[in-house]
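The next block holds one structure in the form of C-alpha cells; read it before the comments.
Taken together, the values in this text are just the output of simple stated rules run on the coordinates, not laboratory data. This one's a predicted model, so the numbers in the text were calculated from it and none came from an experiment. Cβ coordinates were reconstructed from backbone atoms using ideal geometry, including for glycine residues, and neighbour counts include every protein chain displayed.
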Amino acid sequence: MSSSSQKVVLAGGGVLWRRSATGVEVALVHRPRYDDWSLPKGKAEPGELLVATAARELVEETGYEVRMGQRLITVEYRLGSGALKKVAYWSVAATGGEFVANHECDMLRWRSVDDAIGKVSYAADRKVLRTFASNPVDELHTMLLVRHAKAGRRAMFRGDDRDRPLDREGRRQAAALADVLGLFGAHRLHAADRLRCVQTLTPLSEALREVIEVEPALTEEAHSAHPDASFERLLALADHNGPVHAVCSQGKVIPPVLSRWAKRDDVTLPASRNRKGSVCVLTLRGDTLIAVDHIPGPFAD
C-alpha cells in the first residue's frame, strides 16, 4: 500500500442556514477552481479542533458570522492523490454579515433544502443536506455540559475541597474553553457550587460580562444524595428557547445524568473518557435530547 493511500486529510464544514419568509434556507458556494456548487468546508490546521475548523472555514468562505449547532455526519472520499479525506459537518446558523467573494468562492446562493439537494455537485453534499433536514433545525437548540478544568489532586489540597482552585494547566484550559464555548454562542453560564467549576467559566464570563449562576444541585455530593433533583435542574435549564446555556459540573455528575437522559430519549451517546475540560454538546427540542457530541478538553493528555 502506498504512503499516499494511507494518508488521512481531516477537514470541517457546515450547512449554513437562516430563516426566511418561506422557511429555512441553506447556503451553497461556487468554487471557480472546480466550477462546482458545494457546502463550505476546508482542511484542518495542525492541532485544530474540527469544530473550530468548520467555523473558521465558513467565515472565510462566506463572510457570514456563525453560531455552531448540531454535529451532523462525517463523509469520507478518496482524493486524486489516493489520500482519504474525512470531512466533519455541523449545522451552522448565520447570525450576521454578508457574502464577500474570496479566493475560494466567487458566488453564494441561498436555497431551500430541497433545491440545494438538487443543485449541489456531489453525492456527499446531498447526504449531508438530507441529514440536516432530518430534524427541523428551527425547532432545535443547544446546551453545553462542561467538565471543570484541571485542579490538581484532591489529596494534595489542604483545606475545604469546595475551595480547591484550578491549577496552572487548568487556567490554560479555561482560557481556551472560552473560545470553544463561544463557537456555540454560549451566553448564560451556570456552574456547580465548587470554585474550580466557577473558575472554568470565568474567562468566558469576563469576556461576555455575564454573571455565573451557582448551581448547588449539580455538585457530586448533591447528585449522590439527590440524583432526581440534579436531573430535574438540568432539564429545567434545557427547556428554553433563549440564549445558549453552558453548565460546568464534575466528573461524577455528567456521565450518569447524560446516561439517564439518553436512555429516557433513546439517544446513543458518543464514546468518551469525560476528561477534565471536555465539553458535551447537547442538541435539544425543549428538554428532549436529540443528539450528543463530545469535544475533548484543550491540552488534553
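Using C-alpha pairs under 8 Å with a sequence gap of at least 6, the mean separation divided by the residue count of the stretch 140-295 gives a relative contact order of 33 percent. This ranking places 294, 190, 103, 240 by how few other beta-carbon atoms lie within 10 Å of each, fewest first, which gives 103, 240, 294, 190. With viscosity 0.890 mPa s and temperature 25 °C, the Kirkwood radius over alpha carbon pairs of the stretch 207-290 converts through Stokes-Einstein to a diffusion coefficient of 179 µm²/s. The smallest convex shape that holds all Cα atoms of the stretch 140-295, its convex hull, gives 101 Å³ per residue.
Within the chain, what is the longest stretch that has no chymotrypsin sites (Phe, Trp or Tyr not before Pro) placed in a DSSP loop and near at most 15 other beta-carbon atoms within 10 Å?
Values: sites that count: 34, 122, 157, 299.
Here the longest run is 158-298.
Taking other C-beta atoms within 10 angstrom as a stand-in for reagent exposure, 98, 213 fall in the order 98, 213, fewest first. Multiplying the residue separation of residue 236 and residue 103 by 0.36 nm and subtracting their alpha-carbon distance yields 43.3 nm.
For residue 36, nonlocal amide neighbours, meaning residues 5 or more places apart or on other chains whose placed amide H falls under 5 Å from its own, are 31. For the stretch 3-138, the antiparallel share of DSSP beta bridges with both residues in that region comes to about 75%.
So what is the diffusion coefficient of the chain in µm² per second by Stokes-Einstein at 25 °C and 0.890 mPa s, using a Kirkwood Rh over Cα pairs?
121
Taking every full run of DSSP H in the chain, the ones that stretch at least 20 Å from end to end by Cα along their long axis and average -1.0 or higher on the Kyte-Doolittle scale are 168-183. Among beta bridges identified by DSSP and lying wholly in the stretch 140-295, the antiparallel ones come to about 50 percent. If the elastic network links every pair of Cα atoms under 10 Å, which of 270, 216, 46 fluctuates the most in the Gaussian network model of the chain? Comparing 270, 216, 46 in a Gaussian network model of the chain, the most mobile one is 46.
State the Cα centre-to-centre distance between the stretch 232-249 and the stretch 82-129 in whole Å. Cα centroid of the stretch 232-249 versus Cα centroid of the stretch 82-129: 30 Å apart.
Before rounding to the nearest 500, sum -39500 (n - 2.57) across all DSSP H runs of length at least 4 in the chain and divide by the residue total; then give [θ] at 222 nm in deg cm²/dmol. Before the final figure, lay out the partial values.
On the way: 9 runs with 95 residues, N = 301.
So the calculated ellipticity at 222 nm is -9500 deg cm²/dmol.
Highest mobility in the GNM of the chain, judged by mean-square fluctuation with C-alpha springs under 10 Å and restricted to 236, 271, 133, is found for 271.
Please report the antiparallel percentage of the DSSP beta bridges confined to the chain, to the nearest 5. Could you put the intermediate results ahead of the total?
Values: 40 of 64 bridges.
Bridges in the chain are about 60 percent antiparallel.
Considering only 123, 238, 191, the Gaussian network model of the chain with Cα springs below 10 Å gives its largest mean-square fluctuation to 123. Of the trypsin sites (Lys or Arg not before Pro) in the stretch 118-167, the ones in a loop by DSSP (not H, G, I, E or B) with at most 14 other beta carbons within 10 Å are 153, 158. Neighbour counting of Cβ atoms within 10 Å sorts the residues 266, 287, 106, fewest neighbours leading, into 266, 106, 287.
Please list, by residue number, every one of the trypsin sites (Lys or Arg not before Pro) in the stretch 1-108 that is coil in DSSP and has at most 12 other beta-carbon atoms within 10 Å. Show your work: numbers first, answer last.
Working: sites: 7, 18, 19, 33, 41, 43, 56, 67, 71, 78, 85, 86; in loops: 7, 33.
Sparse-neighbourhood loop trypsin sites (Lys or Arg not before Pro): 33.
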